[in-house]
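First the structure, in the form of structure tokens, and then the observations on it.
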Amino acid sequence: MLEKELCDILGINIPIVSAPLGGATGPAMTAAVSEAGGFGTIPLWSGGAELVHSGIAAVRALTDRNFAVNLNMDFCREEELQACVDQEVCAVSLFWGVKPDYIEKAKHGGLLVFSTVGNAQEAKIAADAGADVIVAQGWEAGGHVWGQVASMALVPAVVDAVNVPVVAAGGISDGRAMAAALMLGASGVWIGTRFLASHEATIHPEYRQMIFDASEDQTQWASELYNGFWPNAPHRALMNETSRTWEAAGGPDPGQRPGEGETVGRQANGDAVMRYQSHTPGPHTTGDIAAMSLWSGQGVSQVRSPQSAAEIVEEIYREARLTIQAAQSRWCKSG
């Protein structure tokens, strides 16, 4: 079984990996996913080596199970990667571009490497450089989206291109979608939006409720709608007043967007949240939450109620197994 190979490599029981969810994932969620038998991922790329050291320590205080540190290749410096090596973390998740030199350095340091790709050619480059697991991120994914190919077409193309386990990402929010990904040849799944429903997710209650209320056609992909500190980074988020006003104006470039520069809220530390800023509203964010960047994938319609991260892992895996068994039963009857 392909999923067994992934589980053996990562030392886990359930082939579910949590997406890093910048701003929404902290040590509690990462540890909870790993404790449930999956593989947690924590984003630690925005504060240098010091954040990497403290973040790893915070997760380890909650679990002795394996997890990954997510590093953004647009921002990561060698010091963050070296901190992961020094801390002997199990794995790093390298995101936003394939950089063979970073893969090779991580492998040389004894780390397992996840590499997120948007097409089969990138997957080949990453695997040739030594990546242990390829994350095939489909266009349906929420948050920042590297490629432009939908999961249904991307996953089998990547599976055919490499000889290492492939984890499917994008639009996977329940067991039926997980079963479909496994049928496409994936060894496991990478789940983001569904974990926004978890008690451990560090997001504002209004944001969470909007996730619960959204339908599959209420997300929007944009090449540069919410940016701020991270320009030229395509992303998917819930449609809201900000995005609709921008779209009605013809989708103008940064510097020409309606309401640009307007303060729509405040972060927990008192810093302003500007309209069009890339900012995940946390529990203590104030102001017009609905006008902010509310990251979400197209699988949002399967996210309807609050649960613990462990319940989400267990439910999705159970549902995937039942879905596959039911399909096998139908095939036998028709055969």
Subject >> Dipole axis of the chain (+1 Lys, Arg; -1 Asp, Glu on Cβ), positive-most option in GLY110, MET210, LEU294 >> reply: MET210
Original post:
Applying 1/(1 + (r/R0)^6) with R0 = 35 Å to the Cβ-Cβ distance of ASN66 and GLU216, what FRET efficiency is obtained, to the nearest 0.05?
Top reply: 0.60
**OP:** Would you list the P(r) distribution for segment 205-300, with all Cα-Cα distances sorted into 5 Å bins from 0 and each bin expressed as a whole %?
**Re:** 2, 15, 26, 26, 19, 11, 2
Subject >> Relative contact order for the chain, counting Cα pairs under 8 Å that sit 6 or more residues apart, in percent >> reply: 17
Subject >> Spatially near lysine pairs across the chain, Cα under 24 Å, sequence gap of 8 or more or different chains >> reply: 6
Original post:
Placing +1 at every Lys and Arg Cβ and -1 at every Asp and Glu Cβ, with all other atoms neutral, what dipole size does segment 24-113 have around its Cα centre, in debye to the nearest 20?
Top reply: 200
Original post:
About its Cα centre, how strong a charge dipole does segment 46-93 have in debye, to the nearest 20, once Lys and Arg get +1 and Asp and Glu get -1 at the Cβ?
Top reply: 220
Original post:
How long is the gain from MET239 to GLU78 if the chain were fully straight, where each residue apart is worth 0.36 nm and the alpha carbon distance is subtracted?
Top reply: 54.3 nm
Original post:
Which listed residue (LEU94, ASN163, SER278) has the Cα farthest towards the positive end of the charge dipole for the chain, taking +1 on Lys and Arg C-beta and -1 on Asp and Glu C-beta about the Cα centre?
Top reply: ASN163
Subject >> Computed lengthening from MET152 to GLU260, 0.36 nm per intervening residue step minus Cα-Cα distance >> reply: 35.2 nm
Subject >> Mean Cα-pair separation over length for segment 205-300, i.e. relative contact order, pairs under 8 Å, 6 or more apart, % >> reply: 33
Subject >> Virtual spin-label span in nm between GLU224 and SER46, 7 Å along Cα→Cβ >> reply: 2.1
Subject >> Ranked SER93, SER215, SER301, criterion: other C-beta atoms within 10 Å, fewest first >> reply: SER215, SER301, SER93
**OP:** Treat the count of other C-beta atoms within 10 Å as a stand-in for reagent exposure and order ARG236, ARG176 from fewest to most.
**Re:** ARG176, ARG236
**OP:** Compute the label zone of LYS124 within segment 1-25: residues whose backbone N is under 19 Å from the point 7 Å along Cα-to-Cβ.
**Re:** none
**OP:** Would you mind estimating how fast segment 146-256 diffuses translationally, via Stokes-Einstein at 25 °C and 0.890 mPa s with the Kirkwood radius over Cα pairs, in µm²/s?
**Re:** 152
**OP:** Sort 29-42, 96-109 for me by packing, meaning the mean count of neighbouring Cβ atoms within 10 Å per residue, highest on top.
**Re:** 29-42, 96-109
**OP:** Using R₀ = 45 Å, calculate the FRET efficiency as 1/(1 + (r/R₀)^6) where r is the Cβ-Cβ separation of ASP8 and ASP253; round to 0.05.
**Re:** 0.40
**OP:** Quick one: among LEU44, LEU112, LEU322, which has the greatest mean-square fluctuation in a GNM of the chain with alpha-carbon springs under 10 angstrom?
**Re:** LEU322
Original post:
If you stretched the chain out fully between ASP271 and SER308, how much longer would it get, using 0.36 nm times the residue separation minus the C-alpha to C-alpha distance?
Top reply: 10.3 nm
**OP:** Evaluate the charge dipole of the chain about its Cα centre and quote only its size in Debye, nearest 20, assuming +1 on the Cβ of each Lys and Arg and -1 on the Cβ of each Asp and Glu.
**Re:** 680
Subject >> Cleavage-rule hits, trypsin sites (Lys or Arg not before Pro), segment 58-87, DSSP coil, Cβ neighbours within 10 Å at most 13 >> reply: ARG77
Subject >> Residue exposure sequence - LEU294, LEU62 - by fewest surrounding Cβ within 10 Å >> reply: LEU62, LEU294
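Readers should treat all values here as calculations from the given coordinates under stated rules, not as data from a laboratory. This is a predicted model, so every value here is computed, not measured. When we count neighbours, we look across all protein chains shown, and the Cβ atoms used for this are built from the backbone with ideal geometry, even at glycine.
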